[in-house]
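Novice: First the structure, which I've put down as structure tokens, then a few questions once you've had a look.
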Amino acid sequence: MVGIINAFNLIDGIDGLASGIAIMAATIFGVWFYLAGHIQFSIMSFALVGSVTGFFLYNVFGNKNKLFMGDTGSLIIGIVISTLVIKFNEFNIVKSTSFAIDTAPVISFAIIIVPLIDTLRVMTIRIMNGKSAFIADNNHIHHRLLLLTPSHLKVTLLIVFINIIIVAFAFFLNSISLNPTIQLLLIFLIGLTFSLLPSLILKFKLNKKVKLPQISTHYS
């Protein structure tokens with residue numbers, strides 16, 4: 001829970017990103033809880049979707065009435081999502097319904113893989129550079145992508161879209177009954193590759209001396 005909560009706090013670096021991932025994750029969990037008959041957690045999921053969607057619109061498209069999430073918002077999202085992850089995995093321990101998922105931990109990991117992998121990556125970089133793991137910097141995936149595409153909305157939509165693709169792939173792996181350890185490893189490697197790709201592209205462009213755009217963001 002602590003890891004997920006802080007991951008959502010750290011991924012909140014540009015407009016709409018933390019809320020966009022939260023909407024995607026809570027929607028997937030909400031649909032499954034509804035289909036599996038766990039209505040109370042379905043309501044919890046869709047309540048989060050509804051409230052965060054309202055925020056998302058004013059955060060991304062607001063001008064005069066723009067809203068910002070802050071630490072309190074991201075931490076609340078983190079604790080709700082972590083609760084949904086735990087219950088999702090607990091309900092799938094006993095395969096008593098037609099909607100039970102054999103590799104629920106892999107699916108839940110795929111759903112929130114972007115904030116988790118990004119947090120792991122940036123903290124590793126900080127420690128390797130002899131800095132505190134919690135010091136703010138611009139090594140997050142959204143910061144790297146903003147140097148390639150200077151639009152908060154485009155970067156947010158790209159990251160959320162890639163996250164959805166990873167989730168779909170995780171469901172596919174579950175459907176073919178692949179070994180759970182192999183499934184988890186594949187999802188981890190895909191997430192890690194995605195998180196490293198923007199930095200590799202930037203390095204290539206810098207070597208080619210391609211002019212990069214200026215970005216507007218805040219560090220986490």
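Novice: Which ones in region 6-58 are of a type in the set (Val, Ile, Thr) and either part of a helix (DSSP H, G or I) or in contact with a strand residue (DSSP E or B) (Cβ under 8 Å, 6 or more places away or on another chain) (or both)?
Specialist: ILE11, ILE21, ILE23, THR27, ILE28, VAL31, ILE39, ILE43, VAL49, VAL52, THR53
Novice: From the list SER42, SER108, which one is among the small types (Gly, Ala, Ser), over 15 Å from PHE8 (Cβ atoms), touching a helix residue (DSSP H, G or I) at 6+ places or on another chain (Cβ under 7 Å) and in contact (Cβ under 8 Å) with a residue 12 or more places away in the chain?
Specialist: SER42
Novice: With the condition kept exactly as written, say whether any residue in region 171-178 is out of contact with any helix residue (DSSP H, G or I) (no Cβ under 9 Å at 6 or more places or on another chain), closer than 30 Å to LYS87 by Cβ, in contact (Cβ under 8 Å) with a residue 40 or more places away in the chain and among the polar types (S, T, N, Q).
Specialist: Within region 171-178, one or more residues are out of contact with any helix residue (DSSP H, G or I) (no Cβ under 9 Å at 6 or more places or on another chain), closer than 30 Å to LYS87 by Cβ, in contact (Cβ under 8 Å) with a residue 40 or more places away in the chain and among the polar types (S, T, N, Q).
Novice: Let me ask another. Of all residues in region 60-100, which are exposed (fewer than 12 other Cβ atoms within 10 Å of the Cβ) and under 23 Å from the mean Cα position of the chain (by Cα)?
Specialist: Hits for region 60-100 are LYS66, GLY70, ASP71, THR72, GLU90.
Novice: In region 109-153, which residue that is under 19 Å from LEU75 (Cβ atoms) and small (Gly, Ala, Ser) is surrounded by the most Cβ atoms within 10 Å (Cβ to Cβ)?
Specialist: My answer is ALA136.
Novice: For THR156, only one of the following conditions fails: (1) touching a Gly at 6+ places or on another chain (Cβ under 7 Å); (2) surrounded by fewer than 17 Cβ atoms within 10 Å (Cβ to Cβ); (3) closer than 15 Å to ILE112 by Cα. What is its number?
Specialist: Looking at each condition in turn, THR156 falls short on (2).
Novice: Moving to a separate point now. I want to confirm something. Restricting to region 111-147 and keeping residues that are in contact with a helix residue (DSSP H, G or I) (Cβ under 7 Å, 6 or more places away or on another chain) and of a type in the set (S, T, N, Q), which single residue is modelled with the highest pLDDT?
Specialist: Top of the filtered list is THR119.
The values are calculated or read from the model by the stated rules, or taken from the named source; none is laboratory data. The shown structure was predicted, so the numbers you read here are calculated from the model rather than taken from an experiment. Glycine gets a Cβ as well: all are built from the backbone with ideal geometry, and neighbour counts include every protein chain shown.
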